[in-house]
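Asker: Here it is, the structure in full.
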Amino acid sequence: VNGGIITLLDVEVAAEFGLGTPGPVEAGRDPRLAALDALIDRKVVLDLARDVRGLTGEELDAALAGLRREQGEAAFAAKLRKFGLLDTDLERLIEDRVLYDRAMALRFSPSIPIPLTEIERYYRDIYAPDRTRRGLPVEPLDGVAGAIETRLRDERRAKQMSDWVKDLRKRADIQIRKDCLK
């Protein structure tokens, strides 16, 4: 990617430790391809966002400890053994993930305005019918408006981020050696 290399080991370690994607991998999708896509996204964003470079030792230690907790101590140790790694070998991938998240947070404000009409439309067209279909009580709009607004804001922000990264990828020099993933 833009002259840098993402190795097969990077892809496999990112997939194994969940460092490739922020959430679960889509059903039926190869976790290595999902990890590769995430690593490419990070590379094109971090190439552009030079101002977010560098974590302090404390930040890196906290991120590594968080990953260790998230994975569970025994599973984390087993995954390290599987690849013959030390936990410090994960630092570059962890740092890239944290810096990517930081760059995205700087670029995309969490305070995207959502008009009241859009909240009302979501309530009427999606929230109320879904609750009724599942046999659940339909809360009044004023009781759920904040949650709906947060959801719509998060969805809009995620779409903006995804579109921006797709555009960066289109402009980047990316060569994928699919034969290496076999």
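The values are calculated or read from the model by the stated rules, or taken from the named source; none is laboratory data. Since the model is a prediction, treat every value here as computed from it, not as a measurement. Cβ atoms come from the backbone with ideal geometry, glycine included; neighbour counts cover every protein chain shown. Side chains included, ligands, DNA and RNA excluded: accessible areas come from the protein's heavy atoms. Shrake-Rupley method; radii C 1.70, N 1.55, O 1.52, S 1.80 Å.
Asker: Among L80, L106, L64, which is the only one that is part of a helix (DSSP H, G or I), of a type in the set (A, V, I, L, M), within 23 Å of the chain's Cα centre (by Cα) and within 30 Å of D163 (Cβ to Cβ)?
Answerer: On the way: L80 fails: within 30 Å of D163 (Cβ to Cβ); L64 fails: within 30 Å of D163 (Cβ to Cβ).
Matching residue, one of L80, L106, L64: L106.
Asker: In the stretch 156-170, which residue that is aliphatic (A, V, I, L, M) and touching a residue at least 40 places away in the same chain (Cβ under 8 Å) is most open to solvent (accessible area, probe 1.4 Å)?
Answerer: Start the filter on the stretch 156-170 by keeping residues that are aliphatic (A, V, I, L, M), which leaves 158, 161, 165, 168.
Adding the requirement that they be touching a residue at least 40 places away in the same chain (Cβ under 8 Å) leaves 161, 165, 168.
Working: M161: 44, V165: 7, L168: 17 Å².
Per the criteria, the residue is M161.
Asker: Moving on. So, in the stretch 74-97, of the ones that are aliphatic (A, V, I, L, M) and buried (at least 17 other Cβ atoms within 10 Å of the Cβ), which residue ends up nearest to E58 (Cα to Cα)? If you could, list the steps in order and put the result at the bottom.
Answerer: Keep residues of the stretch 74-97 that are aliphatic (A, V, I, L, M), which gives 74-75, 77-78, 80, 85-86, 90, 93-94.
Filter once more, so that each one left must be buried (at least 17 other Cβ atoms within 10 Å of the Cβ): 80, 90, 93-94.
Working: L80: 21, L90: 15, L93: 16, I94: 13 Å.
In this case the residue turns out to be I94.
Asker: Somewhere in the stretch 158-165, is a residue among the charged types (D, E, K, R), in a helix (DSSP H, G or I) and within 21 Å of the chain's Cα centre (by Cα)?
Answerer: Filtering the stretch 158-165 for residues among the charged types (D, E, K, R) gives 159, 163.
Imposing the further condition that a residue be in a helix (DSSP H, G or I) reduces the set to 159, 163.
After this cut, where a residue has to be within 21 Å of the chain's Cα centre (by Cα) as well, the list is 159, 163.
Within the stretch 158-165 (the criterion being among the charged types (D, E, K, R), in a helix (DSSP H, G or I) and within 21 Å of the chain's Cα centre (by Cα)), the answer is yes, since at least one residue qualifies.
Asker: Answer yes or no: is there a residue in the stretch 148-155 that is of a type outside the set (V, I, T), open to solvent by less than 50 Å² (accessible area, probe 1.4 Å) and free of Cβ contacts under 8 Å to residues at least 40 places away in the same chain.
Answerer: So far as the stretch 148-155 goes, yes, one or more of its residues are of a type outside the set (V, I, T), open to solvent by less than 50 Å² (accessible area, probe 1.4 Å) and free of Cβ contacts under 8 Å to residues at least 40 places away in the same chain.
Asker: Where residues in the stretch 98-134 are at pLDDT below 85 and basic (K, R), which of them is farthest from L60 (Cα to Cα)?
Answerer: So the residue we want is R107.
Asker: Checking the structure you have, find out if any residue of the stretch 119-135 is under 27 Å from G66 (Cβ atoms), open to solvent by less than 70 Å² (accessible area, probe 1.4 Å) and not aliphatic (A, V, I, L, M). So that I can check it myself, show each step before the final result.
Answerer: At the first step, the residues of the stretch 119-135 found to be under 27 Å from G66 (Cβ atoms) are none.
The answer is no; no qualifying residue exists.
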